[in-house]
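Presented below is the structure to which this report refers.
The numbers here are math on the coordinates, done by the rules we state, and not lab data. Model, not experiment: these values are computed from the prediction. When we count neighbours, we look across all protein chains shown, and the Cβ atoms used for this are built from the backbone with ideal geometry, even at glycine.
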There are 4 protein chains.
Amino acid sequence: MAGSSFGTLFRITTWGESHGKGIGVVVDGCPAGLSLNEEDIQLFLDRRKPGQNKYTTQRQEADAVEILSGVFEGRTTGTPISLMVFNKDQRSKDYSDIASYYRPGHADYGFDQKYGFRDYRGGGRSSGRETIGRVAAGAIASKLLGELGIQVTAYTKSIGMVECDPAHFDRSRILNSKLYMPDEEAEERALLFLDECIEKQTSSGGMVECLVEHMKPGIGEPVFDKLDACLGKALFSIGAVKAVEIGDGLAVSRSMGHENNDQFTELSPAPADASQTESGTRRAQKAANHAGGILGGISDGSNILIRAAFKPTPSISRAQTALFQDGTCHEIRIKGRHDPIIVPRAVVVVEAMTAITILDLLLWNMTATLDKLHRIYD
Amino acid sequence: MAGSSFGTLFRITTWGESHGKGIGVVVDGCPAGLSLNEEDIQLFLDRRKPGQNKYTTQRQEADAVEILSGVFEGRTTGTPISLMVFNKDQRSKDYSDIASYYRPGHADYGFDQKYGFRDYRGGGRSSGRETIGRVAAGAIASKLLGELGIQVTAYTKSIGMVECDPAHFDRSRILNSKLYMPDEEAEERALLFLDECIEKQTSSGGMVECLVEHMKPGIGEPVFDKLDACLGKALFSIGAVKAVEIGDGLAVSRSMGHENNDQFTELSPAPADASQTESGTRRAQKAANHAGGILGGISDGSNILIRAAFKPTPSISRAQTALFQDGTCHEIRIKGRHDPIIVPRAVVVVEAMTAITILDLLLWNMTATLDKLHRIYD
Amino acid sequence: MAGSSFGTLFRITTWGESHGKGIGVVVDGCPAGLSLNEEDIQLFLDRRKPGQNKYTTQRQEADAVEILSGVFEGRTTGTPISLMVFNKDQRSKDYSDIASYYRPGHADYGFDQKYGFRDYRGGGRSSGRETIGRVAAGAIASKLLGELGIQVTAYTKSIGMVECDPAHFDRSRILNSKLYMPDEEAEERALLFLDECIEKQTSSGGMVECLVEHMKPGIGEPVFDKLDACLGKALFSIGAVKAVEIGDGLAVSRSMGHENNDQFTELSPAPADASQTESGTRRAQKAANHAGGILGGISDGSNILIRAAFKPTPSISRAQTALFQDGTCHEIRIKGRHDPIIVPRAVVVVEAMTAITILDLLLWNMTATLDKLHRIYD
Amino acid sequence: MAGSSFGTLFRITTWGESHGKGIGVVVDGCPAGLSLNEEDIQLFLDRRKPGQNKYTTQRQEADAVEILSGVFEGRTTGTPISLMVFNKDQRSKDYSDIASYYRPGHADYGFDQKYGFRDYRGGGRSSGRETIGRVAAGAIASKLLGELGIQVTAYTKSIGMVECDPAHFDRSRILNSKLYMPDEEAEERALLFLDECIEKQTSSGGMVECLVEHMKPGIGEPVFDKLDACLGKALFSIGAVKAVEIGDGLAVSRSMGHENNDQFTELSPAPADASQTESGTRRAQKAANHAGGILGGISDGSNILIRAAFKPTPSISRAQTALFQDGTCHEIRIKGRHDPIIVPRAVVVVEAMTAITILDLLLWNMTATLDKLHRIYD
């Protein structure tokens, strides 16, 4: 409850700083019996690993994960899963001069106001390395959702002005492209734009989109733990996110009711008993999905579509005006190894936080009806 | 923890349905010693009351609040404050036919999938009347923040395509205009547009903006209970919100680092001891506020600026295609008394949720340093 | 989270003071589909109603409960159930002199130290009337457990030195005796002892025992939310409880391992498939139940047996030494209408808190295995 | 929220199994600015270390703690403190035969019923080694309480029938005696009794008492998070605890009101302004402390006195009847390295859980009044 935990039933607690001994997460409440090994988690961590190409920080970290508890004979035991990554390439000296001033666009000033002092090495706890714990936990959540047939997929939606065209969506590109963009042509333009950013000693913002397919209906708790409210918190808790959209997002403010309401469509004949949902109706079909799969805070079984807007990396080489502890301002230039764009490495973080949120609410929903209690306890 | 509570230390729990006996909220964790009476709360509730003009539902409700506990001799006692409003004008018969089908754009289908059946009268728990509890609790949070000098102000930012011009911002208009818009000229155009919506049997979306002035720095808990993450959840938990923005919001995705970073500016000489903040520096000044007052999830003492995008009211008179329990679809027309636009009545809901969130995190921050413990316990 | 809520998934929030407008509870997280009406709850409240005989306070309260939300067409909807009882017989004048001093054995001094002042009328929030909310919520939890075959039964175990003899246990007496004692002979002696207490202007302590039959195995969350830890908190949260025991309780400290370990016994042949528990074994049988049905914080399927020790009512007519606000001490005599013994009216409170705790952990356990997820979502 | 976390504002999350890679804890919400190093924590861990003498398991573990995060330049930063101890002497083969049956007095059967299988090596998560995380976190809480002048001291109260005599209480013995007993003569008798237990291949129960001195008044949240309710949960969450007492504990059930009420006594003249407590009165004095420092769930500034009854170690060498997976029962003898008495090593665990609980509620109480908000934010 002190800020470093997320989720109610599937609950993660992250710890660690950029330049401390390591980064970790404790996952409590993972159901027992899930097959799990370190490779399952490493595949996710490799997607956010630094040093992959010139568009990411040149810090060299293997980010090799170790499972310290909660797995026995290849399966989760129901007890806390402790995961850890050691920091290897901590060049703290890069940051020694940051101790004396507050950088524009960073959390430096807020941390000092809150705690009276701060770990100034590489952002300390506010570093992007904190997301390692989220991604490791998200790998577990994704695997568990996969067992139920639910698939969570995030990708780069836009970088600066360059936006993917849904018509060119190529799912196979996502994990095999430098920028995790599903549109080849857009990625080519984005790479040129990023080269320009590097040359100009600045950075770029962008959008990450996340798609959840084969979602179960009925997930989300009215009224404060709505599915969209929990997803909103999950994505806003990622550093640098300044806006979150569900479905049509901002555009709904300029829409009209008859355009925005997703009309239902006739169901095809029921193929078999298996197609019957709990309440006796077949899964609803809609003519459109402006709602992004969530109505009244509850999933309707359509695909969920959410987006997060990331601000440009605040660490840029260009001269900036910093505030010093004595209250004066001076020009500074930030050294160190920084990404010209946060978005590609944030893709897997968005996917992880989405998976964690959905799994947590899916567990929660198991207690929604007396009928479900009978199914478990009779 | 079961979805109807919000906040950690200042914690509200709402209850009630549109057509039940009433609507209420229990506010637990309100500090003792705040002067409070029913009039303080009624002023807030009157801003969301139905039937104010032709742009809101014609349901007639006084929504007179009663304080049932937690206040003694005009001051809060530190124990739970129970607030209640009785429903008066419940015409349940308006809704009898809704029982048999799922309306487009509504939570009907999701509720049935989740709970096996639903209270179909006027949306039940998913009705906008649920926000009465939030607004009542928000009145208390706002009053308490006011005691510390923090002011929370929400208003209508846009309706459909009609947007307020910041240059025409007139604070005095907000509470004295039909649509709670601070720009007179924009409101006139918005009213014309809403007349058109009514005529066309449809509804409109819009945006609400909220400004927090004289904010304390250091508020917000890294990493999952960031101030923006908690605000994001707070606003997304309001029905019909499909996007939330902090500061520049979505625009940051198209911005560059040197544009988006708020540069610090030299402080004016310290006027007196009172201007010293805790860590020995004077309050930081910035040349811009693209960040909307939050960096790394912690307030920096600038104004906080957030926005929520509301979808058009899903209840429209126009013919629509509903799903029936037997799996077939048919044309329906929704009767009942509905708003052509949610936004004006949602303004005070956004203000309430913002105030509750900020107060909760302000309380939380009181335990951030050993120095603060000494200040309370020595 | 601010002290007036209990439980995680089945979560209750109580409010109200002894001499305010009323007392209530919001029950959030009750599964949908449970048949429920006001009579179900009234039966429980009548067991703690004052004025039943000369051994309870002479305050006259019908304590008639009203269901304000969460039930539709006779069944719970899954949304918050708000329950309320109005205070009728509030003779606040009885308490006017209490404002100026702190009574021995009461919470007066602590409340003033905590909140700076207090609602001095009849104990305010620390009054026994606060338990009305618990009992009302407990009626719901008990009914739901009953649907699963689990039965919770509390009774008076001892009053002063007078203890029930297990050999004389007569279940049918419990609800039909003045003191809720299952042993007729013990009750006769207890009544004589209480007459003596009244005559001597003093009060008596006693024990309440609670038995849970047909318990499911596997309930309780290691390591901090053990079943016994949650029950311990539940019972200690009842005012006047100074000790809690599980199974053999205190006696285990004087026991030896070979005496205290409950040996397993051979199972009788499995009668049918229905007798198979989840993990493929039949329900374990034990030769004894020193453990009171809980090992390692998890139920083993045996009966659960817990006890709570209640202190004597602190309000006695005899002269006592009170602390006044000016720091001096003076002799006072407490007027008002008080019970010479808390225990009989506390029986149903213990039963209620036990039922709430067990139901909450039963819901929680539904998410313990991947297999259970498949049973709900496949 | 999934069982391995404790506390609201000062929140600990433990992880690890007896025979996994290690044991750890994440402490979130520790105020910034506390001086802290590994030696502070090691001193506490050494008190529960195995292999200290023949009355504890012969497993050899240095239990050397490592601080992995949350401390910078010798002070806590306000971010999560991750602490870890590696397991060294894991002889898993000792336990291979345990996989096939359920031991009497152990959690084996419950874990299997809950999770479908278990980590059978040395009890897995239900091992006493889990308490390493609690003790490490408790060292931090104790140090922080010490900064405010609050002292927490636990000791062995009784072993079997041998009880310490309060008249022989010698505080200096506690940390310098084999059994952490403050009464030399009692310890001598206890050692003889334990030799007898070892010879008879059995084990003994006992009591741990904990004393909190210089406690602040006003701590504890009515009504469910009473100080005694939270302490009760804290102690019952320790494996093997079957009863918890506050103050006079069980004896209150046989007491009468005029005996049990602690009368107030005249205050000595106020020495200085510093002796004024918040509400304008000097600290109350009482003629007795039957209440153990807690009334109505709130501390009254007297010493807090609590006790926990521990059952005998369930692992004994003597022949016992175990349940096998096929439903049959057979005689088994438990091998491995076990303590004949849990109590001496549990002393520091009780002290740790008490310190954690009190600190958590002390932080919580900082938000109890508007006056306190002004003290922090003006």
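Using a Gaussian network for chain A with springs between C-alpha atoms less than 10 Å apart, which of these wobbles most: A:R121, A:R75, A:R307?
A:R75
Hey, got the dipole for chain D? About the Cα centre, +1 on K and R Cβ, -1 on D and E Cβ, debye to the nearest 20? Kindly include the intermediate steps, with their values, before the conclusion.
Numbers: 42 positive and 49 negative charges, 217 e Å.
Charge dipole, chain D, about its Cα centre: 1040 debye, nearest 20.
Taking 0.36 nm per intervening residue step and subtracting the Cα-Cα distance, what contour gain separates D:E196 from D:Q60 on full extension?
Numbers: separation 136, 0.36 × 136 = 48.96 nm, distance 2.41 nm.
Fully extending the segment from D:E196 to D:Q60 adds 46.6 nm.
Rounded if a/c is under 1.5, else prolate if a/b beats b/c, else oblate: with a ≥ b ≥ c from the C-alpha gyration tensor eigenvalues square-rooted, which is chain C?
prolate
Given a cut-off of under 8 Å on Cα pairs at least six residues apart, what relative contact order in percent is computed for the range D:1-116? Intermediate values should be presented prior to the final figure.
Values: 168 pairs, mean separation 29.6, N = 116.
Relative CO of the range D:1-116 lands at 26 percent.
Counting only C-alpha contacts under 8 Å and six or more residues apart, can you give the relative contact order of chain C as a whole percent? Let's see the in-between values first.
Numbers: 744 pairs, mean separation 80.9, N = 378.
Across chain C, relative contact order equals 21 percent.
Per residue of B:313-325, count partner chain C-beta atoms within 10 Å of its C-beta, then hand back the mean as an integer. Working shown, then result.
On the way: counts 4, 7, 2, 5, 2, 4, 1, 5, 8, 2, 10, 2, 3.
Counting Cβ atoms of other protein chains within 10 Å of each residue's Cβ and averaging gives 4.
Given a cut-off of under 8 Å on Cα pairs at least six residues apart, what relative contact order in percent is computed for the range B:118-223?
Values: 97 pairs, mean separation 32.4, N = 106.
Reported relative contact order: 31 percent.
From the square roots a ≥ b ≥ c of the eigenvalues of the alpha-carbon gyration tensor of the protein assembly as shown, which class results: rounded (a/c under 1.5), prolate (a/b over b/c), or oblate? Write out the running numbers ahead of the final one.
On the way: a/c = 1.42, a/b = 1.30, b/c = 1.09.
Rounded is the answer for the protein assembly as shown, as its axis ratio a/c remains below 1.5.
On a C-alpha basis, how far is the centre of the range D:213-235 from the centre of the range B:312-355 in Å? Whole number, if you could?
47
Under a 5 Å amide H to amide H cut-off, with H placed in plane at 1.01 Å, what residues pair with C:D183 once short-range neighbours are removed?
Answer set, sorted by chain and number: C:D170.
From the phi of every residue in the range C:169-175, what ³J(HN,Hα) in whole Hz does the Karplus formula 6.51 cos²θ - 1.76 cosθ + 1.60 yield, where θ is phi - 60° and glycine or proline is x?
Coupling constants for the range C:169-175: 4, 10, 4, 5, 6, 3, 7 Hz.
Sorted by average packing, counted as other Cβ atoms within 10 angstrom per residue and highest first, what order do B:357-367, B:36-46 take?
On the way: B:357-367: 26.6, B:36-46: 17.6.
Ranked from most to least packed, the peptides come out as B:357-367, B:36-46.
Taking each residue of B:169-182 in turn, how many C-beta atoms of other protein chains fall within 10 Å of its C-beta, and what is the average? The partial results should precede the final answer.
On the way: counts 0, 0, 0, 0, 0, 0, 0, 0, 0, 0, 0, 0, 0, 0.
Mean number of neighbouring Cβ atoms from other chains: 0.
Provide the net charge surrounding D:L194, with neighbours chosen by a C-beta distance below 12 Å and charges set as Lys +1, Arg +1, Asp -1, Glu -1. Mind dumping the intermediate values first?
Details: positive: D:K54, D:K178, D:R189, D:K200; negative: D:E187, D:E188, D:D195, D:E196, D:E199, D:D339.
Overall, the nearby charge balance is -2.
For peptide B:64-73, what's the mean number of Cβ atoms from other chains within 10 Å of each residue's Cβ? Each step should come with its number before you reach the end.
On the way: counts 0, 0, 1, 2, 11, 12, 8, 3, 10, 2.
Partner Cβ neighbours, averaged per residue: 5.
Shape of the range B:138-201 from its Cα gyration tensor (a ≥ b ≥ c, root eigenvalues): rounded if a/c is under 1.5, otherwise prolate when a/b > b/c, or oblate?
prolate
Scan around C:L34 for amide H atoms under 5 Å from its own, H built in the peptide plane at 1.01 Å from N, and keep only partners 5 or more places away or cross-chain.
Long-range HN contacts for C:L34: A:L370, C:T76.
Which chymotrypsin sites (Phe, Trp or Tyr not before Pro) in the range A:142-249 pass both tests, a DSSP loop state and at most 15 other beta-carbon atoms within 10 Å? Don't jump to the answer; show the numbers that get you there.
Details: sites: A:Y155, A:F169, A:Y180, A:F193, A:F224, A:F236; in loops: A:F169, A:Y180, A:F224.
Listed in order of number, the matching sites are A:F169.
Just rank C:H330, B:H338, fewest to most, by other beta-carbon atoms within 10 angstrom. Intermediate values should be presented prior to the final figure.
Numbers: C:H330 13, B:H338 20.
Ranked by crowding around the Cβ, least crowded first: C:H330, B:H338.
Could you list which residues have their amide H under 5 Å from that of A:Q285, counting only those 5 or more apart in sequence or on another chain, with H placed in the peptide plane?
Answer set, sorted by chain and number: A:T265.
Apply the Karplus parameterisation 6.51 cos²θ - 1.76 cosθ + 1.60, with θ equal to phi minus 60°, to every residue of the range B:339-349 and state each ³J(HN,Hα) to the nearest whole Hz, in sequence, with x for glycine and proline.
Each residue of the range B:339-349 in turn: 7, x, 8, 7, 3, x, 6, 7, 4, 6, 5 Hz.
Can you list the HN-Hα couplings for the range C:197-208, worked out from phi with the Karplus curve (6.51, -1.76, 1.60; θ = phi - 60°), rounded to whole Hz and with x for Gly and Pro?
Along the range C:197-208, the couplings run 4, 4, 4, 7, 6, 10, 9, 10, x, x, 10, 10 Hz.
Net charge near C:V212, counting Lys/Arg +1 and Asp/Glu -1 over other residues with Cβ under 13 Å of its Cβ?
Details: positive: C:K216, C:R307; negative: C:E209, C:E213, C:D228, C:D300, C:E351.
Net local charge, C:V212 excluded: -3.
What is the distance in Å between the Cα centroid of the range D:1-79 and that of the range D:174-190?
Each part's Cα centre sits 26 Å from the other's.
If you take every residue apart from C:E259 with its C-beta less than 15 Å away from the C-beta of C:E259, what net charge results, scoring Lys and Arg +1 and Asp and Glu -1? Mind dumping the intermediate values first?
Numbers: positive: C:R254, C:K286, D:K200, D:K242, D:K311, D:R318; negative: C:D248, C:D262, D:E196.
Net charge around C:E259: +3.
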